[in-house]
Each structure stands twice: as structure tokens, then as C-alpha cells.
Amino acid sequence: MDKSINYQQALMDEVKELPEEAFPNLLQIVRLFKESILLQSRQAALALHEEFAEWYRLSDEGLMDFENDF
């Protein structure tokens, strides 16, 4: 049994129940939420990039050590 939720429709249903004067605040909340999600994505990408750079550095050092042994 599929109980998936159409989140866009559920959100629209919730918004329809709000008074018009609440829309500016809701819009600000949505924009802040969106920016927060984007910031989290950027921070995760940066952390992953830094981790890969460290792996490459360690790999290069290991290869140089291996070559120096022969």
C-alpha cells in the first residue's frame, strides 16, 4: 500500500487556510529555509572537497615513499 504524500499539494492546502496578511511572513520563512538548505549543501560540498584533497595528498605521499623504497 503506497502512502506517499504529495508534499507540494499538502503545502498548498496548508497555505490556502492562512489569512492573506500572513503571506509576507510565510514568504520570508520559506526564503530563509531555502537559503539554509543551500548553505548546508555548500558546506557539505566544501567539506567533501577538503577530504578528497587530503586523500590525494596522502596518496601522493604514499606513492613517493613507495617509489623511494626501490
Test set (1) at pLDDT 80 or above; (2) in a helix (DSSP H, G or I) - Leu18 fails condition number: (2)
Pair list, Cβ under 9 Å, 6 or more apart: segment 24-53 residue on the phi < 0 side of the Ramachandran plot and open to solvent by less than 100 Å² (accessible area, probe 1.4 Å), other residue at pLDDT 90 or above and part of a helix (DSSP H, G or I): Leu26/Val15
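The values are calculated or read from the model by the stated rules, or taken from the named source; none is laboratory data. All figures in this text were calculated on a predicted structure; none of them were measured in a lab. All Cβ positions, glycine included, derive from the backbone under ideal geometry; neighbour counts span all protein chains shown. Side chains included, ligands, DNA and RNA excluded: accessible areas come from the protein's heavy atoms. Shrake-Rupley method; radii C 1.70, N 1.55, O 1.52, S 1.80 Å.
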